[in-house]
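Everything on this sheet refers to the single structure shown next.
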Amino acid sequence: MFSGLLWLLRIDELELFRVLSGSEKDSGRFAGILRCRYRDFLYTPRHAELLHLRRKESVQLTARFAALFTIVLLLVVPLWDGAYGAGFWQSQTVIMRFLVVVVAIAVLLNRAVSSKWRRRLPYLPMLLVVIAATLLCGFSGSDLNANTRMLTAHSFLLMGIVVLVAIMPLTLVEAGVMVSPILMLLVLGARGPVASGYVPLEMVLFVLLPLSVMAALVQLYRTIVAAQEIAIDPLTGVYTRAFGMEMLSLNFETAYRKRSPLTVAFIDLDDFKKINDKFGHDYGDRILREVGINLSQRFRRSDLVIRWGGEEFLVILPDLTLERADEVIQRVMSPGLAELANGRGQQASCGLAERVEDAISQPHNLIDLADQRMYDAKKRRDREQIVAEGLSGRRTSSASKAKARPDSAALNQSLN
């Protein structure tokens, strides 16, 4: 069983090596802002929102499993090692076991670390379990009343926690912090036999620790890839609608808590159906792909570009008022969002809505209002185009004015 575990961890190590060496590189997997970078495996203070959420869920769930494992082991093992016998409270080891169980219960119930610190450093609950188990091994090693079976049980506890660390998606720095208490225990020379009685704990941990760190990095890579496959639209490289709704709710809650503005821009490409009908869907896909790339590059890193459906895009603009967002949209869209076959730029209609100025209390109402304003802008553009071409029966002011209209006038925004 032990050799099988080492073999699985070795496979994970080889997989991570292939990822970092580039042999596993795939353009689809590495598209978008969630693509894997070397620094993501070392230390990233703030991953993309989706990755941070997925990592936090996985890390904290593993910490609760580790806490449950610790509680069950320390409550059942005394039946085997005789700790429940006479002089129960006279042993330093038994008292330490009780304290470790208390810490594990707090982690299991999400009471060990405040929610604020869990959001910032999601691995802190697991680190508390690691520190508690390490101290237990250290104290029991110096306790004259601790028997060999007690030391063996603590060795199994420590090895189980190391294995659980291996399935957590941690960066190299986080994994180093996580195993540092165990390394300190090894440096101080704490000893204790494993179940077989033939292999010292130090040798087992020296093998398991580097493999668990490598396995944690592989889990981080898999988390990045899985998050990207869920969140990134494969055609345009921007976020998907499902992820966009999740991020809008998160940003809306953050803006409400901070009392800051939050603007949503709803963008619809003009005459895209005609382009598809005339040039085919392959050409339309190329336009959508170019639009996605241009929108992602022209907005801020904190802004979220989402493909809402078909030729519709949604952009979440945190900390921007309507006036400021209008300026940003004008600058982003005035050059055209893609180059058409006739040499002109792909234009679009846009509607804006802002949480504070429009008195919006729900995220979906923000989208609905921006969507309605986009359609109002598109209708206004169509009416202006009909008048300009003299097809409505109305008289235009002059032919020269119609010709002087810039191509970018097709961009319509309604802030009413």
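The values are calculated or read from the model by the stated rules, or taken from the named source; none is laboratory data. Here the structure is a predicted model, which means the values were calculated and not measured. Don't worry about glycine lacking a Cβ; one is built from the backbone with ideal geometry, like all the others, and counts go over all protein chains shown.
Tabulated results
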| quantity | calculated |
| --- | --- |
| Options Leu158, Leu136, Leu121; residue that is aliphatic (A, V, I, L, M), in the same structural domain as Leu185 (by TED's automatic domain parsing) and closer than 25 Å to His52 by Cβ | Leu121 |
| Near pairs, Cβ below 8 angstrom, 6+ apart or cross-chain, from the stretch 126-141 (within 17 Å of Val94 (Cα to Cα) and touching a residue at least 24 places away in the same chain (Cβ under 8 Å)) to any residue that is basic (Lys, Arg) and outside any helix (DSSP H, G or I) | Gly141/Arg191 |
| The listed residue being of a type in the set (Ser, Thr, Tyr), touching a helix residue (DSSP H, G or I) at 6+ places or on another chain (Cβ under 9 Å) and over 30 Å from Thr62 (Cβ atoms), out of Thr240, Thr223, Thr263 | Thr263 |
| Total residues in the stretch 137-150, condition under 12 Å from Ala83 (Cβ atoms) and part of a helix (DSSP H, G or I) | 3 |
| Subset of the stretch 231-255 (residues that are among the aliphatic types (A, V, I, L, M), under 16 Å from the mean Cα position of the chain (by Cα) and part of a loop (DSSP other than H, G, I, E, B)) | Val238 |
| Filter result for Glu202 (surrounded by fewer than 17 Cβ atoms within 10 Å (Cβ to Cβ) and either of a type in the set (Lys, Arg) or modelled with pLDDT of 70 or more (or both)) | no |
| The stretch 69-84: number of residues that are within 17 Å of Ile161 (Cα to Cα) and either crowded, with 16+ Cβ neighbours inside 10 Å or in contact with a helix residue (DSSP H, G or I) (Cβ under 6 Å, 6 or more places away or on another chain) (or both) | 6 |
| Residues that are in contact with a Ser or Thr (Cβ under 9 Å, 6 or more places away or on another chain), assigned to a helix (DSSP H, G or I) and of a type outside the set (Gly, Ala, Ser), drawn from the stretch 160-172 | Ile161, Val162, Val163, Leu164, Val165 |
| Contacts under 8 angstrom Cβ, first residue in the stretch 82-110 being closer than 21 Å to Gly138 by Cβ, partner of a type in the set (S, T, N, Q) and at pLDDT 90 or above, 6 or more apart | Val100/Thr70; Val101/Thr70; Ala104/Thr70 |
| Search result, residues across the stretch 241-278 that are under 17 Å from Ile316 (Cα atoms), among the β-branched types (Val, Ile, Thr) and either at pLDDT below 90 or not assigned by TED's automatic domain parsing to the domain that holds Asn365 (or both) | Thr254 |
| Some residue of the stretch 142-154 being under 31 Å from the mean Cα position of the chain (by Cα) and not aromatic (Phe, Trp, Tyr) | no |
| Residues within the stretch 326-358 that are of a type in the set (Asp, Glu) and outside any helix (DSSP H, G or I), tallied | 4 |
| Residue list for the stretch 296-318, restricted to those being closer than 19 Å to Lys273 by Cα and among the acidic types (Asp, Glu) | Glu311, Glu312 |
| So Leu314, is it among the hydrophobic types (A, V, I, L, M, F, W, C), touching a Leu at 6+ places or on another chain (Cβ under 9 Å) and farther than 20 Å from Ala242 by Cβ | no |
| Residue, modelled with the lowest pLDDT, within the stretch 37-68, restricted to residues that are in a loop (DSSP other than H, G, I, E, B) and surrounded by 18 or more Cβ atoms within 10 Å (Cβ to Cβ) | His47 |
| Options Glu339, Glu311: the member that is in contact with a Phe, Trp or Tyr (Cβ under 7 Å, 6 or more places away or on another chain), more than 26 Å from Thr254 (Cα to Cα), of a type outside the set (Gly, Ala, Ser) and at pLDDT 85 or above | Glu311 |
| Unmet criterion (only one of (1) under 20 Å from Ala104 (Cα atoms); (2) at pLDDT 85 or above) for Gly176 | (1) |
| Qualifying positions in the stretch 320-348 - among the polar types (S, T, N, Q) and in contact with a Leu (Cβ under 7 Å, 6 or more places away or on another chain) | Ser334, Gln346, Gln347 |
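Residue by residue, here is whether (1) within 17 Å of Ala370 (Cα to Cα); (2) crowded, with 18+ Cβ neighbours inside 10 Å holds:
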| site | (1), (2) |
| --- | --- |
| Ile287 | no, yes |
| Asp303 | yes, yes |
| Glu311 | yes, yes |
| Ala325 | yes, yes |
| Gly336 | no, yes |
| Glu339 | no, no |
| Arg344 | no, no |
| Ala348 | yes, yes |
| Gly351 | yes, yes |
